[in-house]
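Bear in mind that the values in this text are calculations on the coordinates, not laboratory data. Please read these numbers as outputs of a predicted model, since none were measured by experiment. In this analysis, Cβ positions are derived from the backbone assuming ideal geometry, glycine residues included, and neighbour counts consider all displayed protein chains.
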Amino acid sequence: MQNMLKQGRPPKTKTNELYAIAEKNNTEIICCELPNTCSVSTVTASGNCYIGLDPFRIETLAQEKVHLAHELGHCETGAFYEPYSMFEIRERQEARADRWAAERLVPAGELEEAFSFGITEVWELAEHFGVTEDFMRIALDYYRVTTDIIQ
């Protein structure tokens with residue numbers, strides 16, 4: 001790992017692992033047009049989870065990984081809400097999905113290791129982990145609250 005970091009190569013991509021989690025848990029992923037968003041997830045009354053991804057709105061592999069991880073976070077944690085529910089409830093469920101995604105895409109140990117090699121700028125970290133800068137900020141905020149990695 002140390003040699004990989006010094007050469008500037010990102011750690012192993014986790015996109016295939018995310019698809020494997022979905023398959024293992026019978027979460028169906030559907031490519032479809034979503035006019036207002038890049039991705040969405042829902043659960044049926046019988047407990048089946050579905051994820052919709054709009055391939056026409058997702059422009060990069062980093063976006064695909066982040067959207068898939070976030071939607072899987074909803075499915076894996078049961079973090080669903082009614083579309084017109086109170087803002088607090090919606091915000092709390094979105095945060096649960098983001099935390100699940102952050103723990104998988106930017107593991108604390110790998111983040112600490114990246115810092116030790118001088119990878120500290122948001123854009124550098126995003127590139128290193130293969131995620132978007134916006135998602136990297138979410139992950140950094142999460143770890144700021146839950147660990148002492150980020151001072």
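Taking the Cβ of E76 as the centre, find all other residues whose Cβ is under 15 Å away and add up their charges (Lys, Arg: +1; Asp, Glu: -1). Every neighbour counted, the sum reads -2.
Determine the relative contact order of segment 35-133: mean sequence separation of Cα pairs under 8 Å and six or more apart, normalised by residue count, in whole percent. Intermediate results must be reported in sequence, preceding the final value.
On the way: 99 pairs, mean separation 23.9, N = 99.
Value for segment 35-133: 24 percent.
Taking a ≥ b ≥ c as the square roots of the eigenvalues of the Cα gyration tensor of segment 5-146, is the shape rounded (a/c under 1.5), prolate (a/b larger than b/c) or oblate? Since a/c reaches 1.5 and a/b is larger than b/c, the shape of segment 5-146 is classed as prolate. The 3J(HN,Hα) values that the Karplus relation (6.51, -1.76, 1.60; θ = phi - 60°) gives for segment 92-107 are, in residue order, 5, 5, 5, 5, 4, 5, 5, 4, 4, 5, 4, 5, 8, 8, 9, x Hz. Gly and Pro appear as x.
Give the calculated FRET efficiency between Y81 and E127 to the nearest 0.05, with a Förster radius of 35 Å applied to their Cβ-Cβ distance. Numbers along the way, then the final one.
On the way: r = 32 Å, r/R0 = 0.93.
For R0 = 35 Å, the calculated efficiency reads 0.60.
The stretch between R90 and T42 holds 15.9 nm of extra length on full extension. This uses 0.36 nm per residue minus the Cα-Cα distance.
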